[in-house]
Every structure is written in structure tokens, then in C-alpha cells.
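The values are calculated or read from the model by the stated rules, or taken from the named source; none is laboratory data. Quantities reported herein were computed from a predicted structural model and do not represent experimental measurements. As a convention, Cβ positions derive from the backbone with ideal geometry for all residues, glycine included, and neighbour counts pool all protein chains shown. SASA here: full protein model, heavy atoms, side chains in, ligands and nucleic acids out. Shrake-Rupley method; radii C 1.70, N 1.55, O 1.52, S 1.80 Å.
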Amino acid sequence: MSSPNYVNMPQNDRSQIEQIKQEYESTPAMGLVHGVQKDAIQNGIGARINKSVLKACQKDWQFNFELVEINGKPALTFWDEGTSGLTGKILSSSEIEKQSIDNGLGADHSDEKLSRFLSRFNSGGNTGPGTFGRGKLIFQAASVDQSLLIDSFRHDDARYIALDRFIEGNQLKQPDRPYVGSEAKKVINDKTAGVLSPLEKHGTRVTILNVDAEIVNAFQLSF
């Protein structure tokens, strides 16, 4: 039954992100730093174009981490190469919701990477703290401001997309539809004050803005 008197139940996204952070810091998980690295690399290897993990790592797959400063604050940016990027239809939030209702984002629809990345609770069946499609929130939890930038150069259609995702009040916000092409390039340039350039190789990049000091320290101590 549908009625104009019915609305979505309000949810506290800020609290949920904090809960995810606590789960990654509790046994059997191994902490925030490990969780960010593990989920980032796991997502990257899962998006490889070469189906053989061994051949991909020997030839064309690569994963990169870099600590940079954006708008006077530390940021962790990481990206994969030799991957598909965030493929699939470029949809609005309402179109993604309909696709999810029609079971178009499950494990049998692995090509819809973008729509799955733009939504929650659409999972490929992983286990652990990131179960049920919540794992992407670990990157949000690793930001003091709970703010991210995401951009992707897609292998299937060579389109470049970008978006930002942040907390406003207790609600997690992102554009209704990702920016595409020259508009996406402008977003990355403007949001980073020119620190980041658009990707030139197929893949996806996540940038954690105002990254947690624990991650900054771990990164600096590793070199």
C-alpha cells in the first residue's frame, strides 16, 4: 500500500558510520588502518580486468596509496589501475532504488558497479564488518569530517565520472547523479584546489578528506 502520508523512516547515518568504525576496531577485525587498506585493495583486485589474479598482478594491475594535503588538511588518496572502473548505467538515486527493487544490483549483476557503490545494503555476499554492502562506509569513518571524493575512469565506455560524499547533520549526502566528463574533471580540480588531476588510466580513486591521524601516522611510519 502506498500513501502520501507515509515517508521513509529517518536514520542517523553519522551514528551508523561510527558503529562501522567500532566494528573494524573490535575482534576479529584488526583496526581502522588495516580495514581501510584491506577493503581498498580488496575492491581494487575485485575490479581487475584480467580474470587471473596472478597474471593481473604480474602485468597490468596496480594499486596506489598517497598521502597529500588538500585545503590545508591531510588526505589519503588511493586508486587502482588495470581495472574496470565503476561500470554500469549512470542512474539517479530514484532509478537506483527501482533497480534494487527489481533485484538488479545483486551478485548476478556484477557489471553494475557504479549503482552498487552509490547505494548501501547491496552486497556481493561478503562476510565480516563490511557485510551487506556496508564496507564502503569504512572510508567515510576514516575521515574526521566523514567526507570523501570519488572519481573513476571507466573501461567499458571511457567515460570519466566523479562525486563527493559527506555528512550534513546526521544524513549522508551525495549528488543525485554522478558528474560526468568535463563537469567531473572540474569537480575534482575545484574540490582539491588542483592537488589531484583526473585519472588517465582506467580505474577508480577514493580520496579520504581530513583523514584520521591514526592513518596519517601509520602511513608516515611505513616509509
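Placing unit charges on each Cβ (+1 for Lys and Arg, -1 for Asp and Glu) gives the chain a dipole about its Cα centre, and among Ala184, His155, Val7 the Cα reaching farthest toward its positive end belongs to His155.
What is region 165-217 by shape, rounded, prolate or oblate, if you read a ≥ b ≥ c off the alpha carbon gyration tensor as root eigenvalues and call it rounded for a/c under 1.5, prolate for a/b larger than b/c, and oblate otherwise? Mind dumping the intermediate values first?
Details: a/c = 1.99, a/b = 1.19, b/c = 1.67.
Verdict is oblate for region 165-217.
If you place +1 on the Cβ of every Lys and Arg and -1 on the Cβ of every Asp and Glu, how big does the dipole about the Cα centre of the chain come out, in debye to the nearest 20? Numbers along the way, then the final one.
Working: 25 positive and 28 negative charges, 70 e Å.
The calculation lands at about 340 debye.
Name the shape class, rounded, prolate or oblate, that the alpha-carbon gyration tensor gives for the chain, where a ≥ b ≥ c are the square roots of its eigenvalues, rounded holds for a/c under 1.5, and otherwise prolate holds if a/b is larger than b/c and oblate otherwise. Note, shape of the chain comes out rounded.
Short-range pairs are left out: with C-alpha atoms under 8 Å and at least six residues apart, the relative contact order of region 154-223 is 26 percent. Each of Ala213 and Phe65 was given a label point 7 Å from its Cα along the Cα-to-Cβ line. The distance between the two points is 1.9 nm. Full extension of the segment from Met9 to Asn189, taken as 0.36 nm per residue of separation minus the current Cα-Cα distance, would add 61.2 nm.
Which of the listed residues, Ala141, Ser84, Leu67, is farthest toward the dipole's positive end in the chain, when Lys, Arg count +1 and Asp, Glu count -1 at the beta-carbon? Farthest towards the positive pole: Ser84. What a 1.4 Å probe finds exposed on region 130-223 is 51% carbon and sulfur by accessible area, rounded to a whole percent. Mean separation of Cα pairs under 8 Å and 6 or more residues apart, divided by the residue count, gives the chain a relative contact order of 25 percent.
When ligands, DNA and RNA are left out and all protein chains stay put, how many square angstrom of accessible area per residue does the chain have with a 1.4 Å probe?
It amounts to 54 Å² per residue over the chain.
Take 206-215, 62-71 and order them by the average number of nearby Cβ atoms within 10 Å per residue, most first; the result is 206-215, 62-71.
Bridgeable lysines around Lys98 (alpha carbons under 26 Å apart, same-chain partners fewer than 8 residues away excluded): Lys89, Lys113, Lys136, Lys173. Pairs of Lys residues in region 1-78, spaced 8 or more positions apart or belonging to different chains, with C-alpha separations under 28 angstrom: 7 in total. Each of the peptides 32-43, 6-17 was scored by the mean count of other Cβ atoms within 10 Å over its residues; in descending order, highest first, they stand as 32-43, 6-17.
Here the sum of -39500 (n - 2.57) over DSSP H runs of 4 or more residues, divided by the residues of the chain, equals -9000 deg cm²/dmol at 222 nm, to the nearest 500.
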